[in-house]
Structure formats: structure tokens, C-alpha cells
Amino acid sequence: MKILDGKMLSSKIEVQIQKEVEFLNQNFIYPTLAVILVGDDPASASYVKMKSKACERVGMNTLTFAMPSNTEEEILLEKIHELNIDNKIDGILVQLPLPKHIDSSKILEAICPSKDVDGFHSLNVGRATLGFECFIPATPLGVMHLLSEYAIELRGKDCVVVGASNIVGKPLATLLLNAGATVSVCHIDTKDVSIYTKMADIVFVAVGKPNLITQEMIKEGAIVVDIGINRLSDGRLVGDVDFENVAPKCSYITPVPGGVGPMTIATLLQNTLQSAKTKLKR
Ligand code: GUN
């Protein structure tokens, strides 16, 4: 069993990004990510902090706009509009989930697609489906980078994605399909998830439920990619996979923490860099 080491790969990517940021700076381009955080969800606040710290590590500018949980939708839309037309801003990210009174789709659709470094705008989602160049959501793209680093071939493989969110499951299924895999997507209404996981060469899990994937659900030699992040009552951070019992059966597995999480952050930085680099051509 080998560990898919996202911490190591993300550090390598950050070094590369840092060099590219220095090059852009020499050309008077200063990559800048704007992050909007609405409300006081501690997990969201912690993710936003991790994102801005990562920007600082690679020399990118980051602006965080923290808004109270009762912020009106219209105020948020105004903020997005302001950032859309500000040439200094290369990427705009609205941390999800948003408070219930705000229509998330409306907010994500208001972000200029050329600054949508999260890749959540319908234009980027559509382009990703067609395999066109676009912003691709950081978590699924980070997973693809991680598999590629370990030369894991996807063409012809049987893959199952457990969890069908717009942020992770659906875009990941799209990327896997475009890479030539045969893809099943399981979700809350799937009758028996284990039917799919048992026959899969590669199992991806993004649900948010500790120990959802147990050793009986995995075939010998499978690859397991755990995209879940759960904080237990004792403070420990775990994924969706019963790592201790599943790992011995796997050829490769991601740890939590240190697997997909750091890859998400590194890929967000890459997307922001990609956006800033378009200024070189102008
Ligand atoms: N909430 C959980 N994951 C993400 C993400 O990748 N981007 C944003 N904006 N919010 C999230």
C-alpha cells in the first residue's frame, strides 16, 4: 500500500507557483485573490484562513471580505459586481455554504466567469463538460493532479464517485469521464453503494461521513481517494474512509489530513495564477 501524499505534492506545486508569481511581479502583475466569507461558520472561517495563508506563502495578494450572516443578497451581489470590474482582482471566491436566505446559484452566476477561480459558474461548468479550457473546481482538479503525479492511469478504469455535489462529485465525475474512465456516481438515494464500490478500480468519496467506506466495500488492490473532512468530537480530523482497516487492502490511498485537502488549496492558487497570467498577453 502506498500513500498518495497530497501534502508533499502541494508543497512542490507551491514552489513552482511562487516562481511564477515572482516572474509576474517583474512584469508589474500582482496576482490577487478576493475571498468573500458570509457568516460565522467556524469551518468556513478556517478554510478561508488556510486559503489566504497559502496565497501569502506564494507571494500572492489576498483580500478577505467578511460579512455578517444577515447580509442581504443584494449587498453581496453589489460586492461581487465591484470586484468583477476591479482590474486588480484576478480571482473571486465566495466561500460556501452561504446562509439560507441567500440564493447561492444567483451569487455564483454573478461572478465574472473569467475571475471564477472556483469554476462554479455555469459557463465554466459547461466548458469543463465539453473538455474546453476553463476554470475547474479546485478539489476535483487537485485530485486529478494527485493521481497524475503517481502515474495512475484512468483510461478504461472502473471508477466510482460517492457523493454528487456540484462542488466535488459532479465535476470530478466529469473529469474522470473525460480522462477515459467508466464512471458511476452514487448519491443519497443510491440503493446500495457497496455494489458500486466493490467492483471499482478507484473509489472516490466526498460525502462528509466518518467511516462511510469500510473494508468490505473495497476490492483487493483498489485505489481509494478520500475527499471527506470531518472533525470528530475529540478534535481529530478524519475523512469518510475507515483508513485503518481499508488501507491494507489498497494499492494506493489518500490520508486525511495530508491528502486531498492541501491539493485543493494548491490548485486554487494555480487557478488564480492562470487568471493573472492572462494579463501578460494584454
Ligand atoms: N466550501 C467547501 N468547499 C469549497 C470550495 O472549494 N470553494 C468554495 N468557495 N466554498 C467551498
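Quick check: residue separation of residue 66 and residue 148 times 0.36 nm, minus the Cα distance between them. What number comes out in nm?
Extra length available between residue 66 and residue 148 comes to 25.9 nm.
Which value at 222 nm does the chain reach when only helices count, each DSSP H run of 4 or more adding -39,500 (n - 2.57), with the total divided by all residues and rounded to the nearest 500 deg cm²/dmol?
For the chain, the value works out to -12500 deg cm²/dmol.
Mind checking the full-extension length gain between residue 219 and residue 15? Use 0.36 nm per residue of separation minus the Cα-Cα distance, one decimal, nm.
So the chain would gain 69.8 nm between residue 219 and residue 15.
Please identify, among 261, 131, 59, the residue showing maximal mean-square fluctuation in a Gaussian network model of the chain using a 10 angstrom Cα cutoff.
Taking springs between Cα atoms under 10 Å, the residue moving most is 131.
If you take the square roots of the eigenvalues of the alpha-carbon gyration tensor of segment 138-233 and sort them as a ≥ b ≥ c, do you get rounded (a/c under 1.5), prolate (a/b over b/c) or oblate?
rounded
Express in nm, to one decimal, how much length is gained between residue 123 and residue 192 on full extension, taking 0.36 nm for each residue of separation and deducting their alpha carbon distance.
21.5 nm
Too long at a 28 Å Cα-Cα cut-off: which of 53/277; 49/198; 51/277; 170/219?
The pairs that break the limit, which is 28 Å between Cα atoms, are 49/198.
Per-residue HN-Hα couplings for segment 134-146, Karplus 6.51 cos²θ - 1.76 cosθ + 1.60 at θ = phi - 60°, whole Hz, x for Gly and Pro?
Per residue, the Karplus-derived 3J(HN,Hα) values read 5, 7, 10, x, 4, 5, x, 5, x, 4, 5, 4, 5 Hz.
Under a plain spin-label model, where a point goes 7 Å from the Cα along Cα-to-Cβ, how far apart in nm are residue 44 and residue 177?
With each label placed 7 Å out from Cα toward Cβ, I get 3.0 nm.
Please list, in chain and number order, the residues 5+ apart from residue 67 or on another chain whose amide H is under 5 Å from its amide H, with Hs placed from the backbone.
37, 38, 39
To make sure I understand, if each residue's beta carbon is the centre and we count other beta carbons within 10 Å, what order do 280, 123, 37, 146 fall in, fewest to most?
280, 123, 37, 146
Taking a ≥ b ≥ c as the square roots of the Cα gyration tensor eigenvalues, with a/c under 1.5 meaning rounded and otherwise prolate when a/b beats b/c, else oblate, which class fits segment 53-127?
oblate
Can you list residues whose amide H is under 5 Å from residue 94's amide H, if they're 5+ apart or on another chain and H is modeled 1.01 Å from N?
Sorted by chain and number, the residues that satisfy this are 36.
Quick one: Kirkwood hydrodynamic radius for segment 85-189, alpha-carbon pairs, angstrom, one decimal?
14.9 Å
List the residues of segment 158-192 whose backbone N lies under 19 Å from a point placed 7 Å from the Cα of residue 230 along the Cα-to-Cβ direction.
161-165, 168-169, 186-192
Whole-Hz Karplus ³J(HN,Hα) for segment 49-63, in order, using 6.51 cos²θ - 1.76 cosθ + 1.60 and θ = phi - 60°, x for Gly and Pro?
These are the phi-based 3J(HN,Hα) values: 4, 4, 5, 6, 5, 5, 4, 4, 4, 9, x, 8, 7, 9, 10 Hz.
May I ask you to sort 67, 217, 199, 144 by Cβ crowding, counting other Cβ atoms within 10 Å and putting the fewest first?
By the 10 Å Cβ count, ascending, the order reads 199, 67, 144, 217.
Output needed: percent of Cα pairs per 10 Å distance bin for segment 1-79, bins running from 0 to the one holding the longest distance.
P(r) over segment 1-79, rounded to whole percents: 16, 35, 29, 18, 3, 0.
For the chain, set up a Gaussian network in which alpha carbons nearer than 10 Å are linked by springs, and say which option among 242, 158, 234 fluctuates the most.
Highest fluctuation among the options: 234.
Return the sequence-ordered ³J(HN,Hα) values of segment 277-282 in whole Hz as given by the Karplus equation 6.51 cos²θ - 1.76 cosθ + 1.60 applied to θ = phi - 60°, using x for Gly and Pro.
With coefficients 6.51, -1.76 and 1.60, one gets 5, 5, 6, 5, 7, 7 Hz.
Just give me a number: lysine pairs in segment 79-165, eight or more positions apart or cross-chain, with C-alpha atoms less than 30 Å apart.
Values: 79/88; 79/100; 79/106; 79/115; 88/106; 88/115; 100/115; 106/115.
Final tally of qualifying lysine pairs is 8.
Would you mind listing how long the chain runs along its three principal axes, going by Cα atoms, in whole Å with the largest first?
52, 42, 39
If we count other beta carbons within 10 Å of each Cβ, what is the order of 135, 243, 28, fewest first?
In order of increasing Cβ crowding within 10 Å: 28, 243, 135.
Readers should treat all values here as calculations from the given coordinates under stated rules, not as data from a laboratory. Just so we're clear, the structure is a prediction, and the values are computed from it rather than from any experiment. Don't worry about glycine lacking a Cβ; one is built from the backbone with ideal geometry, like all the others, and counts go over all protein chains shown.
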